[in-house]
Amino acid sequence: MKRDSQSAPRSAWLATLAIGLLAFLLAASRINHGITNSILPAGPGLTPDESFNVQQGVYLAEAFFRHGPLLLHPDVADEVFDDRVYLPDHPPLGRFFIGLTHELTRGFISGTANCPFNILAARLASCAAFALTVVLVYRFCRIRFDLVTAITAAALLMSMPRVVGHARLAALESTTGLMWWIATVALAAATTDSERPGIRKSAFAGCAWGLLLLTKVQAILFPPVVVIFLVARFRRNSIVPLIVFFSTGLLVGFLGWPWIWQDPWHHTLQYLGHAADRQTLHVWYLGHRWLDKTAPWHYPLVMLWATTPLLASFGVAARAFQRRFTTAEGLLILTAIFPLIVFALPGVPVYDGVRLFLVAAPATAVLSARGLTLLWQSLSNNKARRHGPRQILKYGGLALAAVLFLTDAAATLSPYAISRYTAGVGCGPGAEQLQLESSYWADGLNADFWKQIPEGSKVFVAPVSHQFQLTDLENLVPVIQERSIRLSPFEYDSREQRGFLLLIHRLADLRPSLQSPPSGSEVLVTVESDGRVLAQLVDTTHATWVERP
């Protein structure tokens, strides 16, 4: 008996470790952005914002290695955070994690000796954040519910193509999702008991929110959830916990970002102003080009449906139909729905698919797993005959669920998972019929693409997302350097700029006249994913342009 009691916790932690390792390997298996001689298969190409995140992350990591804890000393902080190299457009924690991972792992990943940064090493930060999120989702469900719900929730989260796709980039979304989930779990631990949360629990939850504040601006969406949940649950007794929560969270956020110290009021307004008044982006949605602030209110709802595995959506619907939510489930519903409500409001900018509200994914996976598990238990508890209608429904439903799961989970194995659509809209062909965006990320430009371009070629590129994009590609993608490929922005001059033209199918920015190859041009390379064109290389030497492209 004693041996059994000791082996049970050990097996539980081994299962947790196995799930985390599986999640990490799923993400890390496709991080190769442009190395040809590598055991790693091709992953997404270098995306527009990765260079900024890696450069800033390495700068912060090197400052930490150089100064250690003294980085938080005012004099040292002024030196580091007042340097022209530092960009305060995002809080430091997410980028620091990217830079730290880069510095610790770059020596183990070869093939980027001539590049200033090792993008593969930096991408491992998001892989680790994703794996930790899956582990915490599993442990939360294991403690709150049961083993079947825990395994189902972890599997559903790992079957979400956009979540896995983001976990393969040196971006902030995976770390933000992790911190959002940590803040949610900490709040659940503090508030789901029948008694009012004490100061210690409230402070712990506030610290978790403070870490979220240090990661990305989505943190400002969390306080309304806290207020609504605590006031609804504890009424006037929520005042003290709320004060402790917000005081602790703001203190952690302030202490963890020395740039704010230099001029708290002005720098806080500068940061929030940058988040609110950023460059206007365009959105391709239902066959129309929208400004990010004028996209229809249903954009986040449709995009979430179109990119969430159909089995997960069915599980959420089943849970909504079953009702009788636990207190913890009520909190999860709030944390999942509130970001969608905010981004559905008129005038609130939305862009880049589901990136801005990807924080809803862990809670969605848990609620879906709960719905599927309760449905299975309901069918299993039926006392009908073994081969009765309920049993046929039970095992027929199980077979259908397996098919649906495998259909959408298979998309996570694609190097272009971040651009994939799920069975809810008919996968790629259905998204094509609905005229949804092909790709926001230029993820089709990986090693498999570049090695098909003749060495020494000059390639014109359209569209170009920012002024450093092409320089970053030339400096950070080894295969482009190896093949001496030169990149130049296409200025839409069809007379002077003839030759190789790379069309990145970010339809929001690609002019309609170029969404199909120009008449008379020769298509040399096409990158497709699930029937959707992500990028094309065409030779326009003999093209006849109907209009100025």
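Some points to look at:
- Whichever residue in the range 253-283 is of a type in the set (A, V, I, L, M), assigned to a helix (DSSP H, G or I) and under 24 Å from the mean Cα position of the chain (by Cα) and, among such residues, is surrounded by the fewest Cβ atoms within 10 Å (Cβ to Cβ): Ala276
- Residues in the range 30-41 that are touching a residue at least 40 places away in the same chain (Cβ under 8 Å) and surrounded by fewer than 22 Cβ atoms within 10 Å (Cβ to Cβ): Thr36, Asn37, Ser38, Leu40, Pro41.
- Checked across the range 154-165, the condition of being assigned to a helix (DSSP H, G or I) and farther than 18 Å from Leu304 by Cβ holds for at least one residue.
- Within the set Leu311, Leu301, Leu379, Leu358, the sole residue that is surrounded by fewer than 23 Cβ atoms within 10 Å (Cβ to Cβ) and at pLDDT 90 or above turns out to be Leu301.
- Residue list for the range 57-73, filter: without any contact (Cβ under 8 Å) to a residue 12 or more places away in the chain and either among the β-branched types (Val, Ile, Thr) or out of contact with any helix residue (DSSP H, G or I) (no Cβ under 7 Å at 6 or more places or on another chain) (or both): Arg66, Gly68, Pro69, His73
- Number of positions in the range 304-352 that are of a type outside the set (A, V, I, L, M, F, W, C), closer than 21 Å to Gly424 by Cβ and in a helix (DSSP H, G or I): 6
- Any chance Phe24 is touching a Cys at 6+ places or on another chain (Cβ under 9 Å), part of a helix (DSSP H, G or I) and surrounded by 12 or more Cβ atoms within 10 Å (Cβ to Cβ): yes
- If you filter the range 187-224 down to residues that are outside any helix (DSSP H, G or I) and not polar (S, T, N, Q), you find that the one that is nearest to the chain's Cα centre (by Cα) is Lys216.
- In the range 80-108, residue surrounded by the most Cβ atoms within 10 Å (Cβ to Cβ) [restricted to those that are farther than 28 Å from Leu269 by Cα and hydroxyl-bearing (Ser, Thr, Tyr)]: Thr101
- Extreme residue, surrounded by the most Cβ atoms within 10 Å (Cβ to Cβ), among residues of the range 109-144 that are under 16 Å from Trp181 (Cα atoms) and of a type in the set (Gly, Ala, Ser): Ser126
- Ala409, sole failed condition from (1) modelled with pLDDT of 90 or more; (2) within 25 Å of the chain's Cα centre (by Cα); (3) of a type in the set (Gly, Ala, Ser): (1)
- Pick from the range 400-437, criterion surrounded by 17 or more Cβ atoms within 10 Å (Cβ to Cβ) and among the hydroxyl-bearing types (Ser, Thr, Tyr), ranking: nearest to Tyr351 (Cα to Cα): Ser419
- Boolean, Thr326 is exposed (fewer than 15 other Cβ atoms within 10 Å of the Cβ) and under 24 Å from Ala186 (Cβ atoms): yes
The values are calculated or read from the model by the stated rules, or taken from the named source; none is laboratory data. Predicted model, so just to flag it, every value in this text is computed and none were measured. Counting neighbours? That spans all protein chains shown, and the Cβs are built from the backbone with ideal geometry, glycine included.
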